[in-house]
1. State the number of residues belonging to segment A:8-30 that are under 17 Å from residue A:96 (Cα atoms), out of contact with any Lys or Arg (no Cβ under 7 Å at 6 or more places or on another chain) and more than 7 Å from every other protein chain (Cβ to nearest Cβ).
2. State all residues of segment A:3-51 that are free of Cβ contacts under 8 Å to residues at least 40 places away in the same chain, part of a helix (DSSP H, G or I) and either open to solvent by 30 Å² or more (accessible area, probe 1.4 Å) or charged (D, E, K, R) (or both); if no residue qualifies, say none.
3. With the condition kept exactly as written, say whether any residue in segment B:136-159 is part of a helix (DSSP H, G or I), open to solvent by 70 Å² or more (accessible area, probe 1.4 Å), more than 11 Å from every other protein chain (Cβ to nearest Cβ) and in contact (Cβ under 8 Å) with a residue 40 or more places away in the chain.
4. If I filter segment A:109-118 for residues that are crowded, with 18+ Cβ neighbours inside 10 Å and under 30 Å from residue A:159 (Cα atoms), do I get at least one hit?
5. Of all residues in segment B:51-61, how many are open to solvent by less than 30 Å² (accessible area, probe 1.4 Å) and assigned to a helix (DSSP H, G or I)?
6. Which numbered condition trips up residue A:66, out of (1) free of Cβ contacts under 8 Å to residues at least 60 places away in the same chain; (2) surrounded by fewer than 18 Cβ atoms within 10 Å (Cβ to Cβ); (3) closer than 30 Å to residue A:164 by Cα?
7. Among the listed residues A:150, A:123, identify the single one that is in contact with a Phe, Trp or Tyr (Cβ under 6 Å, 6 or more places away or on another chain) and either without any contact (Cβ under 8 Å) to a residue 60 or more places away in the chain or closer than 30 Å to residue A:80 by Cβ (or both).
8. Here is a check on your reading of the model: is residue A:161 assigned to a helix (DSSP H, G or I), away from chain B (no Cβ under 11 Å) and under 30 Å from residue A:6 (Cα atoms)?
Amino acid sequence: MEPLRRAVLVAATIATGMMAGLCYAYAISFLPGLGRTDDRTFIAAMQQTNEVIEGGWLFVIFLGALVFTALAAALHLGADRRAALPWIVAGFVLYAATFVITVGANVPLNEELAAAGDPDRIADLAAVRDRFEAPWVRWHIARTVANVAAFGCLSLALLRAGRMNRGAGI
Amino acid sequence: MDALIVTLTLLAVLGAGLVAGVFFAFSTFVMRALAQIPAPQGIAAMQAINVTVLNPWFLGAFVGTAVLCAAGVVVSLVRWSEPGSVYLLAGSVVYLVGCIVQTRVFHIPRNNALAALDPSDADSAQRWTWFVSTWTAWNHVRTAASAAAAVLFAVSLLD
């Protein structure tokens, strides 16, 4: 049981961390980079990114972070394992917030941008970009903060669990 | 495990995990998307990304983790009998070689070559195709190395 419990907590932490880093990449490099480009480049790159991002490895990690964190919480319910539990639960709640923001805010905006069609046939590129960019970036920063905080909580859970494994108490 | 090693390892988990996610984004979808749009736009977008990425947020995570790893090598060797030392050493070496050395040797020269391209030039498109395939292949290695380092640091905390 102990190797499984450790493996699940490590998997939850690293999956959440990879998602946090992925959001971080958007926030600190991809979005500021695209922000400097013209409307046509911005819309084309964003539409294409949204198209290729669906499915594959990303989906596994996006869902995996939620599932592994829930599983890690379940494996730390025992009275002798409780020291790590509050941090795992906090990590789960924060990552769930990232999940809800993504599904509730960013995905609908992506769908709206996709519905605008081929950038070469959009009459008013600036208007399409204006409706998309500011709210998308705002929600993106909110989910990035929640996701990085979730990663921090799970890392602290590792620390607590490690101290317990070494019998150093909490 | 004393407080110094614990704090260092905890920060290393966070740093390596974030860096792994950043490279993961480029490996899984950013480069694929940029390769599929018309070449002049793909080149312009990547050139802009390479300029804006040199900010304190990215460099803080990327270089900050390297500094932690350098300290990790020293601390783990000096306090070899402490629990988790072997994982701390392994994670530090994997990050320093797989991420930092590789970026310096491979990605930076290619980014510099890309910066010199004129997106609207006819032969730029061909060089862009070559850039995307080699840059992305080696980016998979950076992603795997930083993720492996994060896992090793996490295991070190539990040891």
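The values are calculated or read from the model by the stated rules, or taken from the named source; none is laboratory data. Nothing here was measured: the structure is a model prediction, and the numbers come from that model. So basically every Cβ, Gly included, is an ideal-geometry build from the backbone, and we count neighbours across all protein chains shown. Heavy atoms of the whole protein, side chains included, go into the accessibility calculation; ligands, DNA and RNA do not. Shrake-Rupley method; radii C 1.70, N 1.55, O 1.52, S 1.80 Å.
1. 5
2. A:3, A:7, A:32, A:48
3. No; the residues of segment B:136-159 include none that is part of a helix (DSSP H, G or I), open to solvent by 70 Å² or more (accessible area, probe 1.4 Å), more than 11 Å from every other protein chain (Cβ to nearest Cβ) and in contact (Cβ under 8 Å) with a residue 40 or more places away in the chain.
4. No; the residues of segment A:109-118 include none that is crowded, with 18+ Cβ neighbours inside 10 Å and under 30 Å from residue A:159 (Cα atoms).
5. Adding up the residues that qualify gives 3.
6. (2)
7. None of the others qualify; the one that does is A:150.
8. no
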